[in-house]
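For reference, the structure discussed in these notes is given below.
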Amino acid sequence: MQSSRKQFYFALVIFGLVGQIAWVVENMYLNVFLYQMFHASAADIAAMVSASAVTATLTTMLIGALSDKLGRRKVFICGGYILWGISILGFALLRADLLSAMFPTAASISALGVTLVILLDCLMTFFGSSANDACFNAWLTDVTTSKDRGAVEGINAMMPMVAILAVFGGFMSFDLERMESWTVIFCLIGGVVLGIGVAGFFLIRDPALSTEANQNYFANLVYGFRPGVIRQNFRLYLYLAAFAIFGISIQIFMPYLILYYTVSLQMENYVFVMAPAIVLAAGFTAVWGRVYDKRGLWRAIVPPLGLLCGGYVVLACFRGTPMVFLGSLLMMCGYLASTAVFGAVIRDCTPPNRAGMFQGLRIVAQVLLPGILGPGIGAYVLRNADTVVNGDGTTSFVPNANIFWAALAVALAVSAFLTGVYFLLRRRKEAENEVG
């Protein structure tokens with residue numbers, strides 16, 4: 001039993017970390033790739049993030065329900081990681097010189113490149129969401145209980161920042177203005193993701209799932225949207241709504257964060273600023289997940305939301321390296337710890353044997369709404385941003401601090417919404433006690 005638990009935690013770390021490394025490349029560095037290689041605008045970046053969010057949501061709903069019907073997670077996780085890795089390798093072929101040779105009559109190679117990157121990103125997202133969003137996350141719900149979900153989510157939630165650290169550290173020697181660097185990056189990440197998919201056949205064990213209630217696949221697709229299901233799981237939907245607002249706040253600035261550091265602040269050493277902040281934030285999150293297990297949602301969620309808002313204010317007000325480090329640290333601690341708490345409470349409220357179906361709802365809250373609304377708000381507040389002239393005569397926008405002020409406004413809305421939820425649930429509990 002102890003050996004199987006060690007194997008679980010090993011699989012959690014390996015699949016969680018490698019999956020998040022792939023998502024970091026997509027969510028943060030693919031924006032830089034589009035900006036550097038094809039001179040994308042803020043609207044182009046927002047369109048790519050939104051298209052990916054829609055793809056992720058539909059994929060998670062379809063594949064999550066299918067995995068519930070079949071009672072299988074392993075084959076989707078491992079096969080998905082393999083195909084995910086292959087799709088990442090495909091980005092190495094999106095080179096301006098190759099596109100010029102293949103499409104000599106194209107009016108604009110940059111516009112063509114933007115379109116192809118967005119399409120391949122959607123394909124990559126399909127494989128990644130099948131493996132990670134739909135089935136890996138459902139598997140985590142299957143094999144954990146309310147006694148250890150906070151601790152597990154603490155580990156799982158810190159993986160994005162550990163992944164950012166690994167990517168920042170691994171890529172810091174690359175000149176991201178050269179296509180050769182991107183070719184190496186895509187081949188390296190794609191190969192690692194593919195290899196982990198193969199290893200998963202030996203690491204992951206399928207849980208014993210009951211499929212008796214899950215045989216009508218098309219009914220399962222809309223299961224989480226039925227009024228009766230919503231009434232039965234009222235708390236879950238409130239927490240998903242709060243998580244969605246929180247995610248919108250994050251996605252207002254996240255697609256533009258690296259560009260803000262490198263283009264606006266001219267921080268050539270941003271990796272050295274971010275690395276210690278990421279290490280500290282990851283450690284804080286691993287510890288904070290246990291606070292949820294011991295003290296519950298309300299005492300666990302307020303401090304990290306406060307840290308997040310404080311980080312936004314510091315990043316918006318200061319440009320010097322020490323204060324940028326402080327703001328980044330506060331923002332990351334708040335972001336990761338809040339994500340861990342939301343993830344744990346959502347898993348606790350998810351009905352057993354239907355985790356796959358509810359991953360679609362989770363992805364609506366975590367990816368779809370934030371992925372559409374967040375970057376759109378970010379692009380709107382950057383609509384009048386300064387521009388710089390590139391070497392080929394084209395122009396690119398310069399991200400500014402408005403993204404942090406906008407993110408702060410939405411984060412305060414999360415706090416207000418959760419306050420309303422707290423009093424609503426307390427009133428309902430008091431009413432139930434009176435009836436009882």
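Pairs are defined by a Cβ separation below 6 Å, a sequence spacing of at least 6 or placement on different chains, a first member in the range 134-158 that is more than 23 Å from Leu62 (Cβ to Cβ), and a second member that is among the aromatic types (Phe, Trp, Tyr) and assigned to a helix (DSSP H, G or I); the pairs so defined are Gly150/Tyr292.
Restricted to the range 88-157, the set of helices (runs of 4 or more DSSP H) holding at least 2 residues that are of a type in the set (S, T, N, Q) comprises 109-128, 137-143. Any residue in the range 65-79 that is touching a helix residue (DSSP H, G or I) at 6+ places or on another chain (Cβ under 6 Å), assigned to a helix (DSSP H, G or I) and within 22 Å of Ala244 (Cβ to Cβ)? Within the range 65-79, one or more residues are touching a helix residue (DSSP H, G or I) at 6+ places or on another chain (Cβ under 6 Å), assigned to a helix (DSSP H, G or I) and within 22 Å of Ala244 (Cβ to Cβ).
Residue count for the range 230-282 satisfying the condition of being among the charged types (D, E, K, R) and in contact (Cβ under 8 Å) with a residue 24 or more places away in the chain: 1. Yes or no: Ala219 in a helix (DSSP H, G or I), surrounded by fewer than 17 Cβ atoms within 10 Å (Cβ to Cβ) and free of Cβ contacts under 8 Å to residues at least 24 places away in the same chain? The answer is yes for Ala219. The set of residues in the range 248-284 being closer than 10 Å to Pro399 by Cα and of a type in the set (Phe, Trp, Tyr) consists of Phe253, Tyr256, Tyr260, Tyr261.
Residues that are touching a His at 6+ places or on another chain (Cβ under 7 Å) and at pLDDT below 90 occur at least once in the range 93-112. Contact annotation: no residue pair with Cβ atoms under 9 Å, 6 or more positions apart or on different chains, pairs a residue in the range 308-326 that is closer than 13 Å to Ser249 by Cβ with a partner that is of a type in the set (D, E, K, R) and modelled with pLDDT under 95.
Filtered by the rule that a residue be under 14 Å from the mean Cα position of the chain (by Cα) and crowded, with 23+ Cβ neighbours inside 10 Å, the range 38-60 gives Val49, Ser52, Ala53, Ala56, Thr57, Thr60. Candidates are the residues of the range 87-110 that are surrounded by 12 or more Cβ atoms within 10 Å (Cβ to Cβ) and of a type outside the set (A, V, I, L, M); the one that is nearest to the chain's Cα centre (by Cα) is Ser87.
Annotation: of all residues in the range 223-237 being hydrophobic (A, V, I, L, M, F, W, C) and buried (at least 18 other Cβ atoms within 10 Å of the Cβ), the one that is nearest to Leu62 (Cα to Cα) is Val229. Here Asn400, Asn384 are screened, and the one residue that is over 30 Å from Pro227 (Cβ atoms), modelled with pLDDT of 90 or more and assigned to a loop (DSSP other than H, G, I, E, B) is Asn400.
The values are calculated or read from the model by the stated rules, or taken from the named source; none is laboratory data. Everything quoted here is computed from the prediction, not taken from an experiment. Glycine also receives a Cβ, built like all others from the backbone with ideal geometry; neighbour counts cover every protein chain displayed.
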